[in-house]
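One structure is given below, encoded as structure tokens.
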Amino acid sequence: MTRLSGSGDDQASVGSSEDPMALAREISDAVDRLANLWSVAAQGARLRLSPHQLRALQILEATPGLNLTALSESMDIGLPTASRLCDRLEAAGLLERALHPQKRREVRLSLTGPGLQVLDEVSARRSQALASVLAAMTPAERSALDRGLQGFRAAQDTAEP
């Protein structure tokens, strides 16, 4: 279990569903494990990308035609860092830059066919890795997880930011 403070033992608390903090620690551990599963699955793709490169491709897939400034703001990184990131992605054939038709000084960023293929492969590998873990759970556990996630999303949607 994730213990940032280093205190306490690593055993799940009995009755943790009654104690929001104990449950939060258990969920934190699960999220850490999921993030590791996600990362390992992504690194198994035929073209290995850094987390920043993968995130940039995902952002550009969701919002094609962004300019460099908008991408750097979406990623919360500096403009020079975003520019170097795009240079590497362009050199790998995953991204292309094109002049904006109305704004001569603006460059639009978009994914290439191979860029979309890499995202599809990573997504498929991640889904397969997650499906393998879910297959090891009982149907009742999967159903409980599904209900819990639905409740979490509903609570998050109504919670104050």
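Just so you know, all these numbers are worked out from the coordinates, no wet-lab data involved. If you're wondering where the values come from, they're calculated on a predicted model, not measured in any experiment. Cβ placement follows ideal geometry from the backbone for every residue including glycine, while neighbour counts extend to all protein chains displayed.
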**Fill in**
Neighbours of Trp38 by Cβ distance under 10 Å: Lys/Arg at +1, Asp/Glu at -1, summed charge +3
**Asked** Under a GNM of the chain (C-alpha, springs under 10 Å), which listed residue has the highest mean-square fluctuation: Asp146, Asp76, Asp32?
**Response** Asp146
**Complete:** For region 100-142, the charge dipole (Cβ of Lys, Arg +1; Cβ of Asp, Glu -1; about the Cα centre) points to a positive end, and the Cα of Thr112, Leu130, Ala140 closest to that extreme belongs to Thr112
**Message:** What is the distance in Å between the Cα centroid of region 104-161 and that of region 33-82?
**Reply:** 15 Å
**Request:** Could you compute the FRET efficiency for Leu37 and Ala98, with r as their C-beta to C-beta distance and R0 at 41 Å, rounded to 0.05?
**Result:** 0.70
**Asked** Looking at (i) 1.33; (ii) 1.90; (iii) 1.04, which value of Cα Rg over 2.2 N^0.38 Å comes from a calculation on the structure shown?
**Response** (i)
**Item:** Interchain or long-range residues, amide H under 5 Å from Arg108's placed H
**Value:** Ala98, Leu99, His100
**Asked** With helices defined as uninterrupted DSSP H runs, which ones in the chain have an alpha carbon span along their own long axis of at least 20 Å and mean Kyte-Doolittle hydropathy of at least -1.0?
**Response** 20-43, 113-135, 139-158
**Message:** Expected output is a single nm value to one decimal: the length gained when fully extending between Glu160 and Thr112, i.e. 0.36 nm times separation in residues minus the C-alpha distance. What is it?
**Reply:** 13.4 nm
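Extension gain Ser127-Leu23, at 0.36 nm per residue separation less the Cα-Cα distance, in nm?
Once the chain is fully extended between Ser127 and Leu23, it gains 34.9 nm.
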**Prompt:** Can you pull out the trypsin sites (Lys or Arg not before Pro) in region 53-128 that DSSP calls coil and that have at most 10 other Cβ atoms within 10 Å?
**Reply:** Lys103, Arg104, Arg105
**Request:** For the chain, give the magnitude of the charge dipole about the Cα centre (Cβ charges: +1 Lys/Arg, -1 Asp/Glu; no others), in debye to the nearest 20.
**Result:** 860 debye
